[in-house]
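Worksheet for the structure shown next.
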Amino acid sequence: MSRTRLVGAAASCVASVARVMGAVRSRARRAATGGLVLAGAAALTGCATDAPQDTWQPKGPNAKIIDDLQKPVFAVAGIVGVLVVVAVGWAIWRYRDRGQPIPAQTHGNPVLEITLTVIPALILTVIGIFTFRTVLELSKTDDTELIINVTGQQWWWEYDYPVQEEFGITQPIITSGQLVIPAGTKVLLRETSRDVIHSYWIPALNGKRDAVPGRVHTLRIEADEPGIYAGQCTEFCGLSHANMRMEAVALSDADFATWVANQQEAYVAPAAGSLAKAGEDVFLNQCVRCHQVNGLLRADGTPAIAAPDENVWSGAAPNLTHLMTRNTFAGAIFDLLTPECRQRVWGASSADFGERYLAGVSAECLNENALRAWLRNAPAVKPMYANPTQLTATGGKYRGMPNLGLSESDIDKLVAYLLTRQ
Ligand code: CUA
């Protein structure tokens, strides 16, 4: 090889090494930039100002007990996490391959190994003691004052209040979507399910508890102040699991008594000849197959009794007797209130909240678009295994509400009728 060729080969070799080093550096830069962007995005997702399901904002004693545990545990875990990341990063950088000879190989370091076993064991023991104490404290139910049965099904929650004279409940109350409780009262939820496993979770009031078919699980909740607290089903339960929400509504004792009295009011039929009266007929023809309205009579004067067990896989459909006293429907995913009226309720101070909530849904505040879309074709706005012929496992029964094929004129009548369900 001539000298010039050798020099040329060396130069091109140096150039390609430089290119490779450049590529490695720019790849490292890209990786670092990507990592920073990801970390930034992850941090920013924690910055919501309007986050009603924030687990760091307890609004009642049970959630506070959890918060008192999770804060120190989170701090300890955070410190350990940072120390580990820094130590690993330092070791990677300090002992990276720089072409140095392989160091002397050792095996085992009893002092280090025992230390690094004992320290985590001690940390976990301390955390374990406080966790057990918290779990036992949360599982206490002998101090509860009001009982509400909570039943999950695809994809909504039913609440029934057994007779409890001390709260003015002289006949069972059945409602859905929004759990109404008195603030400052320890409430015992007795949870079960009619189909698959669901899980009940209002983060501001307590941790989650699974609702399991054939079992009753208890959960104690209490809200410090009147207000509305959001939650959602937290156990995957089929197609509309993500559309199975709930809200807990806490009222002052006086407002709760008003709510209870309202729920027990006798049925008042719409005035003869009104659009709402025509809607009552449509309801009797179409809806009463699954939905109960307490006190509703058929044309022949006999009580109209719903038979959801014949039509729906879970055997239940929401009781609509006082639909317009709640302000969401269909698993609490659609608002019965227009955005402005909803904001009046959700944005209310605890002093104003009760009055605004008890106002219910007026004709001016009714979010007609959502209600009409639901009546027009429910499975189009909430996935619900719409085709029962494909449901061999359910014997052709619906899960959720089917498309009833109602005419627009029937929908007009039904909206007018439902608006009278105050
Ligand atoms: Cu019910 Cu998820």
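The values are calculated or read from the model by the stated rules, or taken from the named source; none is laboratory data. Here the structure is a predicted model, which is why all the values come from computation and not from measurement. All Cβ positions, glycine included, derive from the backbone under ideal geometry; neighbour counts span all protein chains shown. Heavy atoms of the whole protein, side chains included, go into the accessibility calculation; ligands, DNA and RNA do not. Shrake-Rupley method; radii C 1.70, N 1.55, O 1.52, S 1.80 Å.
Specify the residue with the greatest mean-square fluctuation among V180, V288, V135, computed from a Gaussian network of the chain linking alpha-carbon atoms under 10 Å apart.
Per the Cα network of the chain with a 10 Å cutoff, V135 tops the list.
Once fully extended, how much extra length lies between D352 and E408, figured as 0.36 nm per residue of separation less the alpha-carbon to alpha-carbon distance? Working shown, then result.
Values: separation 56, 0.36 × 56 = 20.16 nm, distance 3.78 nm.
Answer, rounded to one decimal: 16.4 nm.
Please list the equivalent ellipsoid semi-axes of region 46-101, computed as the square roots of five times the alpha-carbon gyration tensor eigenvalues, in descending order and whole angstrom.
For region 46-101, the ellipsoid semi-axes come out as 41, 14, 5 Å.
Suppose R0 equals 41 Å. What FRET efficiency, 1/(1 + (r/R0)^6) with r the Cβ-Cβ distance, do T170 and A121 give to the nearest 0.05?
Approximately 0.10, to the nearest 0.05.
How large is the accessible surface per residue of the chain, computed with a 1.4 Å probe and reported in Å² as a whole number?
Spelled out: the 1.4 Å probe surface of the chain, per residue, equals 55 Å².
Placing unit charges on C-beta atoms (Lys and Arg positive, Asp and Glu negative, everything else neutral), compute the dipole magnitude of region 238-389 about its Cα centre in debye, rounded to 20. Walk me through the intermediate numbers first.
On the way: 11 positive and 15 negative charges, 92 e Å.
Dipole about the Cα centre, nearest 20: 440 debye.
Apply 1/(1 + (r/R0)^6) to the Cβ-Cβ distance of K64 and L297, taking R0 = 35 Å, and write down the FRET efficiency to the nearest 0.05.
0.15
F74 versus I305, label points 7 Å from Cα toward the beta carbon: distance in nm?
If labels sit at F74 and I305, their model points lie 5.2 nm apart.
For V268 and A242 in the same chain, what is the full-extension length gain: residue separation times 0.36 nm, less their Cα-Cα distance, in nm?
In short, 5.8 nm is gained.
How many angstrom lie between the Cα centre of region 44-116 and the Cα centre of region 352-422?
Between the Cα centres of region 44-116 and region 352-422 lies a distance of 48 Å.
Ignoring everything except DSSP H segments at least 4 long, calculate the 222 nm mean residue ellipticity for the chain; use -39,500 (n - 2.57) per segment, divide by total residues, nearest 500.
Roughly -13500 deg cm²/dmol at 222 nm, from the helical runs in the chain.
If you project the alpha carbons of region 69-167 onto their three principal axes, what span does each projection cover, largest first, in Å?
Sorted largest first, the three principal extents are 84, 32, 21 Å.
Say R0 is 41 Å: what FRET efficiency, to the nearest 0.05, do D54 and V111 get from their beta-carbon distance?
Approximately 0.40, to the nearest 0.05.
What's the ranking of 337-345, 145-153 by average number of surrounding C-beta atoms within 10 Å, highest first?
Numbers: 337-345: 15.7, 145-153: 21.1.
Packing order, densest peptide first, comes out as 145-153, 337-345.
Any chance you could run the full-extension gain for I129 through V88? It's 0.36 nm times the residue separation minus the Cα-Cα distance, nm to one decimal.
Working it through step by step, the gained length comes to 11.8 nm.
For region 246-392, list log₁₀ I(q)/I(0) at each q in 0.10, 0.12 Å⁻¹, using the Debye formula over Cα point scatterers of equal strength and ignoring solvent, two decimals each.
Normalising to I(0) and taking log10 leaves -0.42, -0.61.
Can you send over the carbon and sulfur percentage of the accessible area for the chain, probe radius 1.4 Å, protein chains only?
62
For region 138-222, state the semi-axes of the equivalent ellipsoid (square roots of 5 times the eigenvalues of the alpha-carbon gyration tensor), sorted largest first and rounded to whole angstrom.
Each semi-axis is the square root of five times an eigenvalue, giving 19, 16, 11 Å.
Please list, in order, the residues from region 258-292 whose amide nitrogen is less than 19 Å from a point placed 7 Å along the Cα→Cβ vector of S362.
In region 258-292, the label zone of S362 (backbone N under 19 Å from the point 7 Å along Cα→Cβ) covers 259.
Using a Cα-Cα cut-off of under 12 Å, which aspartates and glutamates could be cross-linked to K413, ignoring same-chain neighbours fewer than 8 residues away?
Hits, sequence-local ones excluded: E280, D281.
For region 86-188, run through the trypsin sites (Lys or Arg not before Pro) and keep only the ones in DSSP coil with at most 13 other Cβ atoms within 10 Å of their Cβ.
R96, R98, K140
Rounded, prolate or oblate: pick one for the chain, where a ≥ b ≥ c are the square roots of the eigenvalues of its C-alpha gyration tensor, a/c under 1.5 means rounded, and failing that, prolate if a/b is larger than b/c, else oblate.
Prolate, because a/c is 1.5 or more and a/b exceeds b/c.
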